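This report concerns only the one structure given below.
The values are calculated or read from the model by the stated rules, or taken from the named source; none is laboratory data. Everything numeric here is computed off the predicted structure, so don't read it as measured data. Backbone-built Cβ (ideal geometry, glycine too); neighbour counts: all protein chains shown.
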Ligand SMILES: [Zn+2]
């Protein structure tokens, strides 16, 4: 049985969970027996982890901005429909 190491591209796809189930299975089987691929995957995982964290941060920033816009509209709506509770006194 000849084992060939997967390409870096394949390891990246695996890290992104984009590989087909069969390919994932084959790759995982190979990883079990191949220390050098485990090491390669580890370093790929690290930089993909950084990339994913950066993407997540960007998405959170976007969400925060849209939330702020929505609550701004809400406050404006309140002012339009009636006096603030503090105006009672
Ligand atoms: Zn290998």
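Does the stretch 32-51 hold any residues that are within 11 Å of the ligand (Cβ to nearest atom) and exposed (fewer than 11 other Cβ atoms within 10 Å of the Cβ), and which are they?
The initial filter retains those residues of the stretch 32-51 that are within 11 Å of the ligand (Cβ to nearest atom), namely 32-41.
Correct list: 32, 33, 35, 36, 39.
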The one condition in (1) within 16 Å of the ligand (Cβ to nearest atom); (2) modelled with pLDDT under 90 that residue 9 fails to fulfil
(2)
Selected residue (criterion: nearest to the ligand (Cβ to nearest atom)) from residues of the stretch 17-31 that are in contact (Cβ under 8 Å) with a residue 12 or more places away in the chain and touching a helix residue (DSSP H, G or I) at 6+ places or on another chain (Cβ under 7 Å)
30
